[in-house]
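For reference, the structure is listed below as C-alpha cells.
The values are calculated or read from the model by the stated rules, or taken from the named source; none is laboratory data. For clarity, every value in this text was computed on a predicted model and none was experimentally measured. Positions of Cβ are backbone-derived with ideal geometry, glycine not excepted, and every protein chain shown enters the neighbour counts. Side chains are part of the model used for accessible areas, which takes the heavy atoms of the whole protein and leaves out ligands, DNA and RNA. Shrake-Rupley method; radii C 1.70, N 1.55, O 1.52, S 1.80 Å.
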Amino acid sequence: MSKKSVVIVGAGIAGMATAIALANKGFDVTVYEKNSQPGGRCGQIERDGHRFDIGATILLMPSIYRTVFESLGLNFDECFELKDLSTIYKLYFGNGEQLVFSKDDAVMKPQLEAMEPGSFIRYKAYIKAGYAFFRDSYKNLLARNFYNLFEFTTLANVMMLARLKTYLRHSIFIRKFFKNKNLQQAFTFQNIYVGQSPLKAPALFSMLPATEMIEGALFPIGGMHQIALKLEAVAKGAGVKFVYNATVEKIETNGKQAKQLIFSDGSTKQSDLIVVNADLPFAYRNLLPDNKISARLDRKTYSCSALVFHWGLSKAYPQFVHHSIFLSKDYRESLDAIFEHQSLSENPSFYIHAPVRKDPNAAPVNNDSISVIVPIGHLDEKNPQDWEELKKLARSEVLKRLSAEGFTDLEDHIKFEICYTPVAWKSIFNVSHGSVFGSIGHNIMQMGYFRPHNRHNRYKNLYFVGGSTHPGNGVPLVLLSAKLTSERILKENCQN
Ligand SMILES: Cc1cc2nc3c(=O)[nH]c(=O)nc-3n(C[C@H](O)[C@H](O)[C@H](O)COP(=O)(O)OP(=O)(O)OC[C@H]3O[C@@H](n4cnc5c(N)ncnc54)[C@H](O)[C@@H]3O)c2cc1C
C-alpha cells in the first residue's frame, strides 16, 4: 500500500515536530517554508561573528520539552549541550531596587525578606500554588485534545477551571502573597511571555513564575535555534523533505476536502492531508475561502507585539547576566499603553538577552551580542501607529534606562543594529497583527475547546499546528500542539 502523503505549510518548531511524528508513523511528509531557514520565530541571525536568536530566547518548562521529545523517540537532554541557569534572570525595578531570580532558596530568602519582612514563606506558598496550577492544567487542559464541546464542558472540567482560579485576576491573586508593589510585579510580569497584560491575566498564569522556580531555565549552547536545527535534522533522517523559499498562496478546496497547495510561482502540490503551521488566523484569512470564519477570528483578542533590537557591540559587558528584565517605573501606565492603546509608553519595560557569558561563540572575542525585546501594541487597522517613531522612542528610552542602570557607554559601542517591528513580524512570518506571542491571545475564553481547533470543521483532511491553535504559544506549548495535532491525525487517519 502506498504511503499517505502529508504537506506541511511552515517549518516552524510546531511544523517540524509534527513532520517527525508523522514520518515516524510511515507518512510521506514534505514541508514547505516561505523563508530560507527553519525555525520561524525560533530562527537565528549571524552577522560579522555575532549571533542572535530572532525570537525565543528563554527555555522554560523543560518538562514539556522532555515529554514531547520522548514522544518523537528523542532524549531531550542528550540532544543539546544544556546549561542550567543558576541566576534565571535579574530584575531591575524602576526605583533602583533589584532582585535576582534563582531556584536557590538561599539566594531568594535574604532578598525577599529585605524587600518585605515575612515574605519568603508566602513566596514558597505562591510558588507551590502556581506549580499545582501548572500540573493540573497540564493534565486536564493543555496536554489533551478536546474533540467536542461536551468533552470540554464536563462537570470535572468546570471544577478544574474553578480550581485553576480562572475567574480571578492574577494581579488580585498576587496581593494575597505580597504587599510590596515590586514583588507583586516580580511575580506577575511573566504574563507578557504569552502576550497578555499582567493586570488582566487570570491567576492560572502564576504557573509561569512557578515553573521557572521549580523547573528552572535552561540554555542550549548555540541558542534556541539549535532546537529548530535538531528538529530539521531528525525530520530529514526520518525521510521528511524540506522545500525552502516556497510560499503557499492558497489552499484549494473542493467543498469537502482540502485538495492542494498553490504556490506563489503558480505551481501546485496535491496531498492526502494538509497541516498548516503558518499562523492560523492568517491561513483562514489568506489561504482559505471561508470569509465568515475569518471574520470571526478577526474579532478575537490578539496578544501584544514586540520591538526587537539586536545589537552587535564592540565591547564586552560582563555586568549583564544571561537574562535581564528592566521594569518601568510607570508600570501600570506602560502596560495600558501596550494593551489598551496598542502603542508604547515613554517609560517602557524591556528584556535583554546577553548569551555571551554562557556561550562565548555568540560574539567575537571582547565583543558582545545583545538582543533587547520591548513589548509593544500590535498592528490594529483602527488604531494605526507610526512604528518608525515608536522605534526611535523605544531605542532612546532603552539606552537612557541602561545608562541610568550603569551601562553608560553602550550606545558608543553599537557596531550595528538589526530591528524587528510588528510590521516585520507580519511580513516575514505572516503573524496576524504582528502579535508574536500568539497570535491569538490566551484569555480563558480563547483556551481549551474555545481556542481555534486543530482541525478544520469542514475540510476534515486539513489540520493546524502552532501558537494560534490549542494549547497556545511559546516553544513548549507549540511542541505540545505538535504532539496533539499528530495524535489527532493518527487517530482520524489510521486504522489501528
Ligand atoms: C520576540 C520573541 C520572543 C519570544 N520569546 C520566547 C521565549 O523566550 N521562549 C519561548 O518559549 N517562546 C518565545 N517566543 C515564542 C516562540 O518563538 C513561538 O511560540 C514559536 O517559535 C512559534 O512556533 P510556531 O511553529 O507555532 O510558529 P512559527 O515560528 O511562526 O512558524 C510558522 C512558519 O510558517 C512559515 N509560513 C508562514 N506563512 C507561510 C506560507 N504562506 N507559506 C510557507 N510558509 C509559511 C513561517 O515563515 C514560519 O517559519 C518568542 C517569540 C518572539 C517573536
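Within region 263-315, track down each residue that is near the ligand (Cβ under 10 Å from one of its atoms) and closer than 14 Å to Asn430 by Cα. Once the filter is applied, which keeps residues that are near the ligand (Cβ under 10 Å from one of its atoms) and closer than 14 Å to Asn430 by Cα, region 263-315 yields Val276, Asn277, Ala278, Asp279, Leu280, Phe282, Ala283, Asn286, Leu287, Ser305. Taking each residue of region 386-404 that is over 14 Å from Ala306 (Cα atoms) and looking for partners that are open to solvent by 50 Å² or more (accessible area, probe 1.4 Å) with beta-carbon atoms closer than 7 Å, six or more apart or interchain, yields Glu397/Glu346; Leu399/Glu411. Do we have any residue at all in region 380-395 that's part of a loop (DSSP other than H, G, I, E, B) and open to solvent by less than 30 Å² (accessible area, probe 1.4 Å)? For region 380-395, residues part of a loop (DSSP other than H, G, I, E, B) and open to solvent by less than 30 Å² (accessible area, probe 1.4 Å): absent. In region 245-262, of all residues being out of contact with any helix residue (DSSP H, G or I) (no Cβ under 7 Å at 6 or more places or on another chain) and near the ligand (Cβ under 8 Å from one of its atoms), the one that is least open to solvent (accessible area, probe 1.4 Å) corresponds to Ala246. Asp368 - would you say it is farther than 30 Å from Asn245 by Cβ, charged (D, E, K, R) and either within 16 Å of the ligand (Cβ to nearest atom) or open to solvent by less than 30 Å² (accessible area, probe 1.4 Å) (or both)? Here the answer is yes, as Asp368 does meet what is asked.
In region 198-214, of all residues being open to solvent by less than 10 Å² (accessible area, probe 1.4 Å) and assigned to a loop (DSSP other than H, G, I, E, B), the one that is farthest from Tyr302 (Cα to Cα) corresponds to Pro198.
Name the pairs: first residue in region 215-236 and crowded, with 21+ Cβ neighbours inside 10 Å, second residue of a type in the set (Ser, Thr, Tyr), Cβ to Cβ under 7 Å, at least 6 apart or on different chains? Pairs that qualify, where the first residue is crowded, with 21+ Cβ neighbours inside 10 Å and the partner is of a type in the set (Ser, Thr, Tyr), are Met224/Thr57. If you go through region 21-53 and keep only what is more than 7 Å from the ligand (Cβ to nearest atom), buried (at least 22 other Cβ atoms within 10 Å of the Cβ) and either without any contact (Cβ under 8 Å) to a residue 40 or more places away in the chain or under 18 Å from the mean Cα position of the chain (by Cα) (or both), you end up with Pro38, Gly43, Phe52, Asp53. Return the residue satisfying two criteria in turn: it lies in region 71-92 and is open to solvent by 50 Å² or more (accessible area, probe 1.4 Å) and more than 19 Å from Met16 (Cβ to Cβ), and of such residues it is modelled with the lowest pLDDT. Looking at residues that are open to solvent by 50 Å² or more (accessible area, probe 1.4 Å) and more than 19 Å from Met16 (Cβ to Cβ), I get Ser86.
Look at region 269-283: where a residue is modelled with pLDDT under 95, no partner that is β-branched (Val, Ile, Thr) and in a loop (DSSP other than H, G, I, E, B) sits 6+ places away or on another chain with Cβ atoms under 7 Å.
For region 460-488, the set of residues classified as over 23 Å from the mean Cα position of the chain (by Cα) and within 16 Å of the ligand (Cβ to nearest atom) consists of Leu462 only.
Evaluation of Ser334 against the conditions (1) free of Cβ contacts under 8 Å to residues at least 40 places away in the same chain; (2) small (Gly, Ala, Ser); (3) farther than 30 Å from Lys400 by Cα shows that the sole unmet condition is (3).
Of the residues contained in region 128-139, one or more are found to be small (Gly, Ala, Ser), open to solvent by less than 30 Å² (accessible area, probe 1.4 Å) and farther than 26 Å from Ser86 by Cα.
Against the numbered list (1) closer than 29 Å to Ser369 by Cβ; (2) not in a strand (DSSP E or B), Gly266 comes up short only at (1). With respect to the stated conditions, Ala316 fails to be open to solvent by less than 10 Å² (accessible area, probe 1.4 Å) and closer than 30 Å to Ala354 by Cα. When region 184-204 is filtered for residues that are of a type outside the set (S, T, N, Q) and touching a Leu at 6+ places or on another chain (Cβ under 7 Å), the ones remaining, listed by number, are Ala186, Phe189, Tyr193, Pro198, Leu199, Pro202, Ala203, Leu204.
Scanning region 405-439 for residues that are free of Cβ contacts under 8 Å to residues at least 60 places away in the same chain and under 17 Å from Trp387 (Cβ atoms) yields Val423, Ala424, Lys426, Ser427.
Screening region 396-435 for residues that are surrounded by fewer than 21 Cβ atoms within 10 Å (Cβ to Cβ) and of a type in the set (Gly, Ala, Ser) and picking the one that is farthest from Val321 (Cα to Cα) gives Ser427.
Total residues in region 1-20 satisfying the condition of being more than 19 Å from Ala258 (Cβ to Cβ) and more than 9 Å from the ligand (Cβ to nearest atom): the figure is 3.
Evaluate region 445-459: report whether one residue or more is in contact with a Gly (Cβ under 6 Å, 6 or more places away or on another chain), open to solvent by less than 10 Å² (accessible area, probe 1.4 Å), assigned to a loop (DSSP other than H, G, I, E, B) and within 14 Å of the ligand (Cβ to nearest atom). No, region 445-459 has no match at all.
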